[in-house]
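Down below is the structure, laid out as structure tokens.
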Amino acid sequence: MRDQGKVQMVMQKLNLNSVVQRDPSVVGAAAGEDVVMVNIDKGEYYGISDVARGIWQVIEVPNKVSDIIDVLVTDYDVERSLCEKETLSFLEELLAEHLLQVTSESSS
């Protein structure tokens, strides 16, 4: 049953080895400088901009969280420790809202 899998995903804590991608039930489109996303299953919409928009673009395909952070540290003037904290927090918010899937996780 699909909803049971989603509940289990929300309970999962993300880490730097988590591999994440957009939930396929979410449709997103550029709206000026922002991205507007609609969760078809829930009938809810969301808007993001700036760095969050960049993360959204990167997670179109499965990516390891540490690789996402590597991209952000390279593209923005940000300390790695702060980037890790903020990126994990944002990704966990996406996961809680069923906008993100954890596709796999390394054991390290």
* Quick one: count up the residues across segment 22-54 that are buried (at least 16 other Cβ atoms within 10 Å of the Cβ) and in a loop (DSSP other than H, G, I, E, B). => 1
* If only one of 47, 54, 43 is small (Gly, Ala, Ser) and free of Cβ contacts under 8 Å to residues at least 12 places away in the same chain, which one is it? -> 43
* Asked: Among the residues of segment 7-20, is any charged (D, E, K, R), surrounded by 16 or more Cβ atoms within 10 Å (Cβ to Cβ) and within 23 Å of residue 103 (Cα to Cα)?
  -> no
* Would you check which residues across segment 76-89 are loosely packed, with under 11 Cβ neighbours inside 10 Å and of a type in the set (D, E, K, R) and list them? => 77, 79
* To do: Could you please find all residues in segment 55-71 being assigned to a helix (DSSP H, G or I) and under 10 Å from the mean Cα position of the chain (by Cα)?
  => 55, 56, 57, 58, 65, 68
* To do: Quick one: count up the residues across segment 16-59 that are of a type in the set (Ser, Thr, Tyr) and under 22 Å from residue 72 (Cβ atoms).
  => 3
* **Residue pairs meeting the criteria (Cβ under 6 Å; at least 6 apart or on separate chains; first within 15 Å of residue 18 (Cβ to Cβ) and modelled with pLDDT under 95, in segment 66-77; second of a type in the set (Ser, Thr, Tyr) and assigned to a helix (DSSP H, G or I))** => none
* Asked: If you go through segment 72-94, how many residues are of a type in the set (Asp, Glu), part of a helix (DSSP H, G or I) and over 17 Å from the mean Cα position of the chain (by Cα)?
  -> 1
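The values are calculated or read from the model by the stated rules, or taken from the named source; none is laboratory data. Bear in mind the structure is a predicted one, so any value in this text is a computation, not a measurement. Virtual Cβ from ideal backbone geometry, glycine too; neighbours counted across all protein chains shown.
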